[in-house]
Amino acid sequence: MSKSTDSVIGNITLSLLLQLRAAPAKNIVIYGLEATGKSAIAKAVLEGLSSNTTSNDEPNGELRYVIVRSAECIGVRHLLEQIVGAVAKALDWKGSVGRCENISQLVVELERLLGQRTSDTEGQGRRLVLVFDGIDHQRDAPPTLLPGLARLSEVIPNITSLFIVTAPRPNFLHSPGAPQIQFQAYNKDELLKILALLEPQPQLPGGAKETKDMWNRFCSAVWDSLSKHSGRDLVSFRTLCLRLWPKFVAPILDGSLAATPFGRVMNANRPLFQNDETLVPGISYGAPKIAASSAQTQSTNKHHGIGTQLPYYSRLLLVAAYLASFNPPRTDQLFFMKSAAAKRRKKGGGTALTKGRPGVTKHRKISRKLLGPQAFILERMLAIFHAIKEDADDRGRRGTGREVTAGSADIQMAIATLASLRLLVRMGAANAADALDGGSKYRVAVGWDVVRGIARSVGVEAEDYLAE
């Protein structure tokens, strides 16, 4: 079934459900992907029905509608007040409109606005349609919002609620018998026909005709490689094509490739269609380099995760906190004092073991990495921090020179930031003492894999300082 046929069927179905002479529908659900014409068709049908009811054919019938868009409401209270204000405007209400903070107050205000219309005998043929556009994307919506709005017609019989959603959950209104109208997604031919109306930028040197031919074949390639399996709606497909187009035509604009044949341009831009990073939205986007070697890619992705988001000293403090949690205090002199640097134990060293008695199992020590983190005092963590800071390099630092870090406010602020991020957990009572006091106890809340990556991002090998 084509998209045009599906729209006609949805138009007729919605018109029949909203007819004044037919049995009134309490709730109607229209669902489908974004940009499939749900809101536009619903508005057109309601405009046509409201204009027909004012003719002489139905003197006692009157249909009015109100459209409330959840994208324009910053909260549930704002949504409810928008409903009351829109209804008052649609009914030409001359009085004042009260505040509305919950569903109960909404029912009271709607009954007050619709009191004159429903009290008389002629009001039985009048109907008000409340259209909630995008109600499933309402910010900070409680779980009782949709069921409460669906029950408005039970209290006020002359109201019909029309919900326009993207992907409704089963029985999300908690009200059985609500008719649902589905708007099918566009297929490939329809999407390409819509995108052919766009004029992409930048244009090719050959003119508008060459740009249009290249754009149509490029959109088809993007659909087959990326959008077909990740996003089938018009909005995501259009955004992806406009995002990749400048990188796709860059070799043509700099003169390294010709616009024809298209297969040669596709082979040159093949990594552009094989990388799924373009499907992830972000604040900044940088398309992958086409001629990047495997060594450059490995060095670029070597350090990732939280290590790239924390400042230099915060990473060192987190490594010091891990060492303070997993190293016994008696080993600090062995690992962190300069005078004992030459006496550190070598990997695989030790003295010969005496032969044990037969039948007696040797004592096996559990690795410190497998044990849970222990509490440590803040002074000990700062001492370890200054010890490993001498061995760390300046990789990832911003600024030049060696700053004085002893008692610096930046270090104290970094500790407070790590505690607020729950990377460091304070032990004991919350109001026992100052959080930055030297005797305060903390415990690290990250694992070995994270700490090892963070330590290597600042040039520290955590294995050299960790007790076995």
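For the reader, a short list of remarks on this structure follows.
- The residues of segment 446-464 include none that are crowded, with 18+ Cβ neighbours inside 10 Å, more than 15 Å from residue 310 (Cα to Cα) and within 32 Å of the chain's Cα centre (by Cα).
- Residue 247 meets each of the listed conditions (1) free of Cβ contacts under 8 Å to residues at least 60 places away in the same chain; (2) in contact with a Gly (Cβ under 6 Å, 6 or more places away or on another chain) apart from (2).
- Of the residues 199, 190, 101, 111, the single one that is over 31 Å from the mean Cα position of the chain (by Cα) and charged (D, E, K, R) is 111.
- In segment 149-161, residue surrounded by the most Cβ atoms within 10 Å (Cβ to Cβ) [restricted to those that are within 13 Å of residue 29 (Cβ to Cβ) and in contact (Cβ under 8 Å) with a residue 60 or more places away in the chain]: 161
- Taken together, the residues in segment 174-198 that are assigned to a loop (DSSP other than H, G, I, E, B) and within 26 Å of residue 267 (Cβ to Cβ) amount to 2.
- Scanning segment 77-116 for residues that are β-branched (Val, Ile, Thr) and out of contact with any helix residue (DSSP H, G or I) (no Cβ under 6 Å at 6 or more places or on another chain), we see that the one that is surrounded by the fewest Cβ atoms within 10 Å (Cβ to Cβ) is 108.
- Among the conditions (1) under 24 Å from the mean Cα position of the chain (by Cα); (2) open to solvent by 60 Å² or more (accessible area, probe 1.4 Å), the only one that residue 247 does not satisfy is (1).
- Residue 226 vs. criteria open to solvent by less than 60 Å² (accessible area, probe 1.4 Å) and either in a loop (DSSP other than H, G, I, E, B) or modelled with pLDDT of 90 or more (or both): no
- Some residue of segment 235-257 being closer than 30 Å to residue 24 by Cα, of a type in the set (Val, Ile, Thr) and not in a helix (DSSP H, G or I): no
- Here residue 263 meets the list (1) within 27 Å of residue 37 (Cα to Cα); (2) loosely packed, with under 15 Cβ neighbours inside 10 Å; (3) modelled with pLDDT of 85 or more almost entirely, failing just condition (1).
- Selection of segment 371-423 for residues being open to solvent by 80 Å² or more (accessible area, probe 1.4 Å), modelled with pLDDT of 75 or more, more than 13 Å from residue 315 (Cβ to Cβ) and outside any helix (DSSP H, G or I) yields 374, 422.
- Residue match in segment 135-148 (condition: open to solvent by 40 Å² or more (accessible area, probe 1.4 Å) and of a type in the set (Gly, Ala, Ser)): yes
- Residue within segment 229-241 that is at pLDDT 90 or above and more than 23 Å from the chain's Cα centre (by Cα) present: no
A quick yes/no check of all residues on (1) surrounded by 18 or more Cβ atoms within 10 Å (Cβ to Cβ); (2) in contact (Cβ under 8 Å) with a residue 60 or more places away in the chain; (3) in contact with a helix residue (DSSP H, G or I) (Cβ under 7 Å, 6 or more places away or on another chain):
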position	(1), (2), (3)
176	no, no, no
185	no, yes, no
194	no, no, yes
206	no, no, no
211	yes, no, no
242	no, no, no
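The values are calculated or read from the model by the stated rules, or taken from the named source; none is laboratory data. All figures in this text were calculated on a predicted structure; none of them were measured in a lab. FYI the Cβ positions are ideal-geometry reconstructions off the backbone, even for glycines, and counts take in every protein chain you see. Ligands, DNA and RNA are stripped out before the accessible areas are found, and what is left, the full protein with its side chains, is counted by its heavy atoms. Shrake-Rupley method; radii C 1.70, N 1.55, O 1.52, S 1.80 Å.
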